[in-house]
Amino acid sequence: MNTSPSRPARRAELLAAGAAAVTVVLWASAFVSIRSAGDAYSPGALALGRLLAGALTLGVICLLRREGWPPRAAWRGIAISGLLWFGFYMVALNWGEQQVDAGTAALVVNIGPILIALLGARLLGDAMPPRLLAGMAVSFAGAVTVGLSMSGEGGSSVLGVVLCLLAAVAYAGGVVAQKPALGTASPLQVTTFGCLVGALVCLPFAGQLVREAADAPASATLNMVYLGVFPTALAFTTWAYALSRTTASRMGATTYAAPALVVLMSWLFLGEVPGPLTLVGGVLCLAGVAVSRSRSRTAARAEAPGAAPEPRPERAAPDSAR
């Protein structure tokens, strides 16, 4: 009896995993660009510039692909995710990282995947298998280790901690709101119009963006455009593609790979040599993601298309029928 997944199902699974990997790598790269652009742009202006660059890129792609408007049923999720994740989250995170050291910001924001799992189980009915919970626990321990190793790089404030916490809550709420929208609209539609909603939310910062762009060095502006084209337009689309093919909880756990990649990229591009504690935390993050993404043999067999159900033991006939 063949219980292995069919070739199309296996291909779809690999594409979703690849899309998730692209997302995590690009979101990790955003750390380097934000640090550069953040020296010349205020939090709101940086968020608006990033969203405008992303919306323009996505709009051109939508026109070329003739995607059209999302169905009416998807608009609620698109509007909520655009408001919370594309708009509020980006401003709050940019502002929060100016108020606290990098370690504290990493610790607080990494509450997000845990909130996604809790909200997904409550509102979306996502399953929380033991491997997912164990992987998230290991990854969170790694994020804490990375955060502690980075603490002390700058001053912390209550305002900064609150802003990072609000960013984590907005991130979780945006992901959970986005998941149902992907049931009726394409990943590109959900991402494009979510980005547009976020840009509209950030329009009050347009004056700051114009003034700061006039004085900003070219490198900072290029980093802002990079943030819009790649970590926003491309990465949010690949995220939506992968999210449409798995649970919000599993996707949230995948983002725990980002701290390890940030450590590596900071080492390569910023010359920030990680200490032993940071390296241990990065390894824990990756190990936790591997555990959370794995499936037991029973689960894999149950999810395999065309797999026959396990035979049930025959019940003994009553005495009257013997």
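It is to be established whether one or more residues within the range 43-58 are closer than 15 Å to L188 by Cα, at pLDDT 90 or above and surrounded by fewer than 20 Cβ atoms within 10 Å (Cβ to Cβ).
The answer is yes, given that some residue of the range 43-58 is closer than 15 Å to L188 by Cα, at pLDDT 90 or above and surrounded by fewer than 20 Cβ atoms within 10 Å (Cβ to Cβ).
With A216, A181, A233, A206 as the choices, which residue is touching a Lys or Arg at 6+ places or on another chain (Cβ under 8 Å) and open to solvent by less than 40 Å² (accessible area, probe 1.4 Å)?
Details: A216 fails: touching a Lys or Arg at 6+ places or on another chain (Cβ under 8 Å); A233 fails: touching a Lys or Arg at 6+ places or on another chain (Cβ under 8 Å); A206 fails: touching a Lys or Arg at 6+ places or on another chain (Cβ under 8 Å).
Unique residue meeting the criteria: A181.
Can you say whether R35 is more than 16 Å from the chain's Cα centre (by Cα), part of a helix (DSSP H, G or I) and closer than 26 Å to Q99 by Cα, as far as the supplied structure shows?
Values: more than 16 Å from the chain's Cα centre (by Cα): yes; part of a helix (DSSP H, G or I): yes; closer than 26 Å to Q99 by Cα: yes.
The answer is yes for R35.
For the range 87-107, does any single residue satisfy the condition of being of a type in the set (S, T, Y), at pLDDT 80 or above and either part of a helix (DSSP H, G or I) or crowded, with 21+ Cβ neighbours inside 10 Å (or both)? Steps first, answer last, please.
To start, the set of residues in the range 87-107 that are of a type in the set (S, T, Y) comprises 89, 104.
Subsequent filtering for residues that are at pLDDT 80 or above retains 89.
Now restrict to residues that are either part of a helix (DSSP H, G or I) or crowded, with 21+ Cβ neighbours inside 10 Å (or both): 89.
Yes, some residue in the range 87-107 is of a type in the set (S, T, Y), at pLDDT 80 or above and either part of a helix (DSSP H, G or I) or crowded, with 21+ Cβ neighbours inside 10 Å (or both).
The values are calculated or read from the model by the stated rules, or taken from the named source; none is laboratory data. Quantities reported herein were computed from a predicted structural model and do not represent experimental measurements. Using ideal geometry, Cβ is built from the backbone for each residue, glycine included, and neighbour counts are taken over all protein chains shown. Protein only, heavy atoms only, side chains kept; ligands, DNA and RNA dropped before computing areas. Shrake-Rupley method; radii C 1.70, N 1.55, O 1.52, S 1.80 Å.
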